[in-house]
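The values are calculated or read from the model by the stated rules, or taken from the named source; none is laboratory data. Note that the coordinates shown come from a computational prediction; the quantities given were computed from them, not determined experimentally. Cβ coordinates were reconstructed from backbone atoms using ideal geometry, including for glycine residues, and neighbour counts include every protein chain displayed. Just the protein is used for accessible areas: all its heavy atoms, side chains included, with ligands, DNA and RNA removed. Shrake-Rupley method; radii C 1.70, N 1.55, O 1.52, S 1.80 Å.
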Amino acid sequence: MSKKPNKEPIQSLKGFHDILPADVPYYDRVGKEVRRVSEYYGFQTIRLPHVENAELFTRTLGETSDIVEKQMYNFRTRGGSSVVLRPEGTASMVRAYVEHGMQSLPQPVSLFYEGSFFRHENPQAGRLREFRQAGIEVLGEKDPIHDTLIIRVLLSALDALGIRDVQVSLNSIGDKASRPHYIKELTAYYRKNIGDLCKDCKRRLKENPMRVLDCKDANCVLLKTHAPQSMNYLSEESKKHFSQVLEHFDEIGISYEIDPWLVRGLDYYNDTVFELFVPAHRADDNVKEVSAMVATASDEEADKDKGVAVEKPATTEHEEDVGGVEEGGMLALGGGGRYDMLASMLFGKTVFGAGGALGIDRVVGEIKRRNLKIRPDVIPKVFLIQIGPTAKRKILRITEDLRKVGIPFAHALGKDALKRQLSIADKMKVPYALIIGQKEAIEERAILRSMETGTQEHVAFEKIPTVLKLKLKA
Ligand code: AMP
């Protein structure tokens with residue numbers, strides 16, 4: 001008996017979004033702006049692969065980090081290698097730096113990257129599973145100026161996009177020498193209060209007590225407010241480094257807040273760590289939206305077992321965009337820090353490094369929520385209208401003439417009625433329409449119509465690009 005074809009509708013996976021044409025200009029603009037500002041500051045662009053060796057991340061982010069523990073998309077290749085869809089960019093960047101011998105270039109090497117990253121996040125946090133980041137890294141030098149400049153660049157990019165109310169949260173988690181004493185005190189504090197820790201944190205306390213500070217559980221957040229602060233345990237070198245970072249901030253007039261418990265849950269960080277926040281707009285709405293997601297989202301296990309049809313997110317795209325709202329109603333648009341130990345975790349040698357990244361999806365969400373205007377790069381300037389098969393054929397020639405002189409056009413070549421095509425041109429708010437009917441096709445001259453005034457004139461086919469260019473200039 002033949003198997004019945006499965007007619008279940010196939011939809012995008014939870015946390016994976018189509019970026020529709022109306023949104024693409026926003027995404028493009030954010031990526032380009034971060035790149036543009038970075039290039040002013042001497043960063044060069046690098047493109048890194050989407051799939052990497054799993055060990056690149058297990059060795060550097062920490063076996064007990066949320067990402068490695070439960071968020072990596074890993075699989076075995078046909079050849080049996082264990083690989084992952086990249087969950088973040090910094091480890092790849094350091095790998096690329098060493099792999100391509102960039103130590104022999106003038107130092108530091110300053111690189112910009114942009115692209116998709118993948119984390120199997122719990123959807124109740126409203127986070128995406130494929131999200132985009134634009135990031136910068138400065139490799140090969142330890143000068144504290146770089147820590148400050150990285151934040152300067154990310155803030156300038158946000159500023160250029162119209163987002164100016166950014167709060168910079170800073171902390172220093174110290175270097176290797178600062179850690180043992182701090183960890184000892186932190187462990188002792190949490191041991192005393194172990195009854196109030198969530199289940200995960202009881203485990204984290206044994207494996208990596210600093211990660212407890214990153215927990216979002218309400219009780220753990222409360223407990224954190226009396227926890228020992230890394231800043232009080234800094235080695236002399238770390239103290240010096242951080243005080244210089246702060247001096248540079250003062251010098252360029254960037255205000256910041258010290259968050260003494262900011263740790264950014266990955267093993268590779270040392271010394272400066274930072275996050276960039278904006279107030280979560282319409283805080284009440286966000287809380288509502290987030291709690292709606294909590295109420296409707298399935299837990300991870302149930303989520304895996306469900307069929308595709310029910311896996312459709314119960315939230316709208318806008319709702320998912322509000323994920324990442326921290327305690328205090330702040331939304332993290334970006335973060336980063338220094339990672340001088342990362343290379344030694346991979347290659348056994350030191351490569352100084354610091355960097356940071358903006359979450360493009362969140363920045364786009366903010367731009368839209370604030371009604372900031374983003375114009376697409378290419379806006380059609382003329383609408384091509386044809387009536388009848390001969391006109392349709394002639395218009396094909398004109399399309400290429402227009403492209404060659406750089407005049408973007410729109411059309412509805414599949415439609416024949418004049419009224420229909422004019423009404424589309426009208427809706428698209430195109431300044432001109434070029435109309436070719438049977439008569440115009442034979443005479444090889446089109447009617448050029450100003451969509452604003454309705455005035456029309458005849459233009460010979462070969463003159464169309466020049467005439468249109470002049471009119472558009474005017
Ligand atoms: P991280 O790599 O975790 O330091 O994240 C840097 C920035 O990327 C965050 O501040 C967010 O803006 C963004 N981001 C991180 N994870 C996600 C996610 N799952 N969905 C959407 N944006 C994210």
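Please enumerate the residues belonging to the stretch 235-253 that are more than 21 Å from Tyr182 (Cβ to Cβ) and surrounded by 15 or more Cβ atoms within 10 Å (Cβ to Cβ). Reasoning before the result, please.
Narrowing the stretch 235-253 to residues more than 21 Å from Tyr182 (Cβ to Cβ): 247-253.
Matches in the stretch 235-253: His248, Phe249.
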Residues (polar (S, T, N, Q) and over 28 Å from the mean Cα position of the chain (by Cα)) located in the stretch 158-205: Ser178, Thr187, Asn193
Evaluate the stretch 104-122: report whether one residue or more is more than 12 Å from the ligand (Cβ to nearest atom), assigned to a helix (DSSP H, G or I) and surrounded by fewer than 21 Cβ atoms within 10 Å (Cβ to Cβ). yes
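Which of the residues belonging to the stretch 46-59 are open to solvent by 50 Å² or more (accessible area, probe 1.4 Å) and either of a type in the set (A, V, I, L, M) or part of a strand (DSSP E or B) (or both)?
Step one: of the stretch 46-59, the residues open to solvent by 50 Å² or more (accessible area, probe 1.4 Å) are 47, 49-51, 53, 55, 59.
The answer is Val51, Asn53.
Scan the stretch 360-391 for residues that are part of a helix (DSSP H, G or I) and either within 16 Å of the ligand (Cβ to nearest atom) or in contact (Cβ under 8 Å) with a residue 24 or more places away in the chain (or both) and jot them down.
Across the stretch 360-391, the qualifying residues are Ile360, Asp361, Arg362, Val363, Val364, Gly365, Glu366, Ile367, Lys368, Arg369, Thr390, Ala391.
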Across the stretch 6-39, which residue is most open to solvent (accessible area, probe 1.4 Å) among those that are touching a helix residue (DSSP H, G or I) at 6+ places or on another chain (Cβ under 8 Å) and hydrophobic (A, V, I, L, M, F, W, C)? Ile10
Could you list, in sequence order, all residues of the stretch 11-31 that are more than 17 Å from Arg129 (Cβ to Cβ), assigned to a loop (DSSP other than H, G, I, E, B) and touching a residue at least 60 places away in the same chain (Cβ under 8 Å)? Asp23
Kindly provide the set of residues from the stretch 123-169 that are part of a strand (DSSP E or B), surrounded by fewer than 22 Cβ atoms within 10 Å (Cβ to Cβ) and more than 10 Å from the ligand (Cβ to nearest atom), ordered by number. Gln167, Val168, Ser169
Report yes if Asp340 is surrounded by 14 or more Cβ atoms within 10 Å (Cβ to Cβ), more than 30 Å from Glu440 (Cβ to Cβ), away from the ligand (no atom under 16 Å from the Cβ) and acidic (Asp, Glu), otherwise no. yes
Go through the stretch 203-229 residue by residue and tally those that are in a loop (DSSP other than H, G, I, E, B) and either open to solvent by 20 Å² or more (accessible area, probe 1.4 Å) or closer than 10 Å to Leu186 by Cα (or both). 8
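Condition test on Gly62, is it surrounded by 13 or more Cβ atoms within 10 Å (Cβ to Cβ), within 30 Å of Lys202 (Cβ to Cβ) and either among the aliphatic types (A, V, I, L, M) or touching a residue at least 12 places away in the same chain (Cβ under 8 Å) (or both)? Show your work before the answer.
Details: surrounded by 13 or more Cβ atoms within 10 Å (Cβ to Cβ): yes; within 30 Å of Lys202 (Cβ to Cβ): yes; either among the aliphatic types (A, V, I, L, M) or touching a residue at least 12 places away in the same chain (Cβ under 8 Å) (or both): yes.
So Gly62 fits the description; yes.
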